Structures are given as C-alpha cells and as structure tokens.
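The values are calculated or read from the model by the stated rules, or taken from the named source; none is laboratory data. Remember, predicted model here, so these are calculated numbers, not experimental data. Please note: Cβ atoms are built from the backbone with ideal geometry, for glycine as well, and neighbour counts cover all protein chains shown.
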Amino acid sequence: MKYFIDFEATQYSGQIISIGCVDENGRTFYSLIKPKKERELTDFILELTHIDRDELLAAPSVDKVFTQFFDWIDKSAPVEFFCYGDSDAHFLSQTRKRLTTFQAQLGLSIISGALIDYSPQIKKHFELKTSIALRKVVSYYRGEEVEQTHNSLSDALFLKEVYEKSRSEKTVRGTPFPEYQIGANLQTVKRLIQAEKGSVKMVFTSYGKAADWVMNEHFSVRDTVNDKTRSKVCSRIMVAAEKSRPYCGYRWSVENRAGAQPTE
C-alpha cells in the first residue's frame, strides 16, 4: 500500500505540529498536534502554515495522534510512505523523542522505516539541476498556477497527484522549468523576479535564487534551512510576486521583459 505524507513542524526544534496523509485509494488522515511548549510556535511558522495558535494549543497530544495513525494504517500489506524533500525524516526523528506510548511509537516507526523521498525522482524525471517546489510541478500538470497553502494534507494530496502523473508521463512536454534545467543558460530566461523597498531593488532569475537570498538575509542562524524550507519560501515569494504583495519587508513582482540585468 502506498501512502503520501507531509508534516508541518516547529521552526527550531523540528517537532511535528501537523500530519497529513492520503493512501493510494484516496483515504485521508489529518490532525494537528499540540506542541510541547507554546514558545515553540514562532510567528514565521504560524504565518507560513496559516495554523491558528489556539487551535494548536487545543490539539490532541503527539501520543494520541500517532496512536490514531497506527490504527488508521492498513497493516494487511507492505507499506511505502512517499514524502517530498529531506526534512520529513528529520521531523520524525525529533518527534520520536516525545513519544511515551508503545502504539504511538509503532505508528511513527512504520513511517520512518518505509519513508521514500520522491523529490530526487522528480529531479531525474525532468532532468533538473536542482530540486523544485512541489507546487510548481502540480501547476505544470494542471496547466495553471496553483497556490500552496502549506497545509499538510493538501501537500500530501499534491504529492499523490504528482506521483501518479509523473509515473504515467512517458515524455515531458517541452521544457517546463527552464531555470532549473540541466545546462540551462540563465541569460535566455526572460522572467525575472524583483524585490523592491525604497531605493533598493533586487532582481533574480528564478524564485529559487530569490529564496536563497531571503534565507541568507532574513533568517537567523538558528532557523532550520533545508529543501523543504526553501520550497516554502519560494512559494511565499511566488504568491507575493504574482499579487504584488509585501514579503519580508519587500514588495515583489514579476518582470517578463528581456534585457533586465539580474542582481543574483
């Protein structure tokens, strides 16, 4: 049985605060998880995930949720748990330290023992030189831009969709992600991402480069910075640019004309 899973976690300690999962038949599991300490809930994570602080503080304990998850899993056949990015294994490892009941430990161990990161397969499928945000791949398959809300169940459903469509796609249509492509000449990319604040203007050739700059400039050394964090920052920049909204103190926009020189 194949499962597609995603977690949201605290910014510094990597404790899971939300789990979303869907199996190959479409059955779903979703729950918030009460954090051990309220101070683990940073404004950055609450804003990113759109999870209400009071709802989290009233959520069931981590033991109760993973016990319920253990009961939900179909244990009549071997299982595979697909995730997207390398941070989920870290979140499971950090959360394991909080578990006190045997069934909850079993639930988490079943996931850990069968966890498969599908992002390298997507990278190989599209012949990309770097990892790409899950939202962008979903947008490619749907033929329209979609917004990633960073809800763990929504992201799990996104992954299921990407898994199924990429497995059935024998030939990739054109070059859907030119800025990520192996051997791409970035000078030919006409879409530029701009960030402006007063007289300061930054220009980037991709959302990935913009995300790298945001994390370098605005994240503290204690922040968890990995592929999943980068993907989420990319998505926030994309939404801000498409709607000309502020993010991290800058107003973002997309420049579609040729000739502008990138800052990064």
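Just wondering, is there one or more residues in region 169-176 that are closer than 26 Å to residue 248 by Cβ and modelled with pLDDT of 80 or more? Quick ask: steps written out before the conclusion?
Of region 169-176, the ones closer than 26 Å to residue 248 by Cβ are none.
No; the residues of region 169-176 include none that is closer than 26 Å to residue 248 by Cβ and modelled with pLDDT of 80 or more.
Just wondering, is there one or more residues in region 155-170 that are in contact with a Cys (Cβ under 7 Å, 6 or more places away or on another chain) and not in a loop (DSSP other than H, G, I, E, B)?
Yes; the residues of region 155-170 include at least one that is in contact with a Cys (Cβ under 7 Å, 6 or more places away or on another chain) and not in a loop (DSSP other than H, G, I, E, B).
Show me the helices (runs of 4 or more DSSP H) found entirely inside region 19-88 where at least 3 residues are at pLDDT 95 or above and closer than 22 Å to residue 105 by Cα.
Counting at least 3 such residues, we get 62-72.
Answer yes or no as to whether residue 130 is closer than 16 Å to residue 20 by Cα, modelled with pLDDT under 95 and not aliphatic (A, V, I, L, M).
It is false that residue 130 is closer than 16 Å to residue 20 by Cα, modelled with pLDDT under 95 and not aliphatic (A, V, I, L, M).
May I ask you to say which residue of 160, 165 is surrounded by 14 or more Cβ atoms within 10 Å (Cβ to Cβ), among the charged types (D, E, K, R) and touching a residue at least 60 places away in the same chain (Cβ under 8 Å)?
Details: 165 fails: touching a residue at least 60 places away in the same chain (Cβ under 8 Å).
Only one candidate qualifies: 160.
Taking region 242-263 on its own, how many of its residues are modelled with pLDDT of 70 or more, surrounded by fewer than 21 Cβ atoms within 10 Å (Cβ to Cβ) and either among the small types (Gly, Ala, Ser) or closer than 22 Å to residue 145 by Cα (or both)?
Summing the residues that are modelled with pLDDT of 70 or more, surrounded by fewer than 21 Cβ atoms within 10 Å (Cβ to Cβ) and either among the small types (Gly, Ala, Ser) or closer than 22 Å to residue 145 by Cα (or both) in region 242-263 gives 9.
When you go through (1) polar (S, T, N, Q); (2) out of contact with any strand residue (DSSP E or B) (no Cβ under 8 Å at 6 or more places or on another chain); (3) touching a residue at least 60 places away in the same chain (Cβ under 8 Å) one by one for residue 101, which number turns out not to apply?
(3)
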